[in-house]
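To start, the structure itself, in structure tokens.
Laboratory data are not the source of any read-out in this text; all were calculated from the coordinates shown. Here the structure is a predicted model, which is why all the values come from computation and not from measurement. Note that we place each Cβ from the backbone using ideal geometry, even for glycine, and neighbour counts take in every protein chain shown.
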Amino acid sequence: MYSFEDRDEASISLRPEATASVCRAYIEHGMAQLPQPVKMYYMGPMFRRERPQKGRYRQFYQIGAEVLGGSDAPAIDAEVIEMVMTFFDRLGLTGVELDINSIGHNAPECRPLYVQKLKAELEKVKDELGADSQRRIETNPLRVLDSKLEHEQAIIATLPRIADHLCVDCAAHYAAVKRQLELRGVFFKENWRLVRGLDYYMRTTFEITAKGLGSQNAVCGGGRYDGLVELLGGPPTKGIGFAIGEDRLILSLQEIGKGAAPLGRDVYIAWMGERACAAAVRAAKNLRSAGFSVELPPTELKFGKALERADKLGSRYALILGDNEVSEGSWTLKTLADGTQQKLTEPELLEYLRKQKPVSS
Ligand code: AMP
């Protein structure tokens, strides 16, 4: 949590993530009464007091989704993962890798038993670990598995693994999630070191990494948190979700040469004259509702000037409308890439453009 006092000594806390907020909204707005599960998403800035570096900021942006209520069917876990993988695929993100794990649940015979064993093993190698890991043996032994320190890797490789200590139900759930992912054609790698720092996380955890990000290469993290709504004062409620790091997603897309979408327009309407103005407004409205991006200069411009602007804006076509064109009912459409022009009636124009692929799609 990023908390501080401002100059008036008022205490300020900034949200580090939004899952708890979504759970609170679920409780406060009585969403347990809606058909379950309830599927939600959010986007917004988050704040963490971390040491800034490439891809790690104190203010960053997340896009997240949560599925609350209903059952904890493994198909829900797999569908949530499938959705985010499909999203990355549609964006053209390359080198995407999905790691999954199960961290069991908080009943004595499951995760706590494992953590106890892990702690005992860590105590034996304590002197070989760095200061952070030594501290975590006491505060949160699972987090030692997160360590990226070179000299700790060989030690961590010898530690007991949670998959060997899951209770019967958690083991069955994990096996079913993997089957459901295979059914959906989602490739994954099992990573026994993938843990979440907070106690209310349970069973499925996952992380998605992408190329070109250096050490901070996770673009999405997610997991199941069946106890959280109850912890916040609501009814027992199943829950699973993820958060995408938007900044890192964009960095990774830029790294593979996928910059921002071009600012081009499909059609720039160059109009001159009072009657042409009315036709231009109507044409803009029709073209926009047909899905084309249109630039309509708000005041009259000489055709030369208008065509120059159309070019600068990266427009694909210029629609040239003077009073003569309007009287003749024959409009001029200029393809700016090669300078060719053609005469079209108003209905023909829409028909013609529909057959072309819009720039803005
Ligand atoms: P988490 O909420 O820790 O599971 O993080 C989910 C995702 O948010 C991560 O996979 C990152 O992509 C992104 N993220 C987390 N912390 C930061 C940060 N300090 N700066 C930029 N992105 C972050």
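Data table
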quantity: Over region 134-196, equivalent-ellipsoid semi-axes from the Cα gyration tensor in Å; calculated: 27, 15, 10
quantity: Residue (of A276, A243, G264) at the positive-pole extreme of region 205-361, dipole from beta-carbon charges; calculated: G264
quantity: Enclosed volume per residue, in Å³, of the convex hull spanned by Cα atoms of region 1-47; calculated: 85 Å³
quantity: Cα-based Kirkwood hydrodynamic radius, region 255-296, one decimal, Å; calculated: 11.8 Å
quantity: Cα-only Debye scattering, region 260-361: base-10 log of I(q)/I(0) at q = 0.14, 0.15, 0.22, 0.23 Å⁻¹; calculated: -0.45, -0.52, -1.21, -1.34
quantity: Principal axis box of region 98-203, alpha-carbon based, largest edge first, Å; calculated: 45, 30, 22
quantity: Label-point separation, L301 to R48 (7 Å along Cα→Cβ), nm; calculated: 4.6 nm
quantity: GNM result for the chain, Cα springs below 10 Å: residue of Q341, Q59, Q134 fluctuating most strongly; calculated: Q341
quantity: Projected area averaged over orientations for region 24-72, convex hull of C-alpha atoms, nm²; calculated: 4.7 nm²
quantity: Fewest-first ranking of L333, L353, L313, using other Cβ atoms within 10 Å as the exposure measure; calculated: L313, L333, L353
quantity: Size of the chain as Cα extents on the principal axes (Å, biggest first); calculated: 89, 51, 44
quantity: Alpha-carbon Debye profile of region 1-156, log10 I(q)/I(0) at 0.11, 0.12, 0.14, 0.20 Å⁻¹; calculated: -0.73, -0.87, -1.15, -1.33
quantity: Approximate spin-label separation E121-M1, in nm, with each point projected 7 Å along Cα-to-Cβ; calculated: 3.3 nm
quantity: Residue among I240, I208, I155 with the largest mean-square fluctuation in a Gaussian network model of the chain, springs linking Cα atoms under 10 Å; calculated: I155
quantity: Ranking of R193, R354 by count of other Cβ atoms within 10 Å, fewest first; calculated: R354, R193
quantity: Largest-first ellipsoid semi-axes for region 170-325, taking √(5λ) over the Cα gyration tensor eigenvalues, angstrom; calculated: 54, 20, 14
quantity: Partnerless cysteines, meaning none of the other Cys C-beta atoms lie under 4.7 Å away, in the chain; calculated: C23, C170, C220, C277
quantity: Distance in nm between pseudo-label sites at E182 and D199 (7 Å out along the Cβ direction from Cα); calculated: 3.6 nm
quantity: Within a Gaussian network of the chain (alpha carbon springs, distance under 10 Å), most fluctuating of G304, G70, G185; calculated: G304
quantity: Region 54-128 and region 157-191: distance between their alpha carbon centers, rounded to Å; calculated: 11 Å
quantity: S13, S293, S315, S21 arranged by Cβ crowding within 10 Å, fewest neighbours leading; calculated: S13, S21, S293, S315
quantity: The chain: calculated mean residue ellipticity at 222 nm from DSSP helix runs of at least 4, using -39500 (n - 2.57); calculated: -10500 deg cm²/dmol
quantity: Around A284: net Lys/Arg minus Asp/Glu count, Cβ-Cβ under 12 Å; calculated: +2
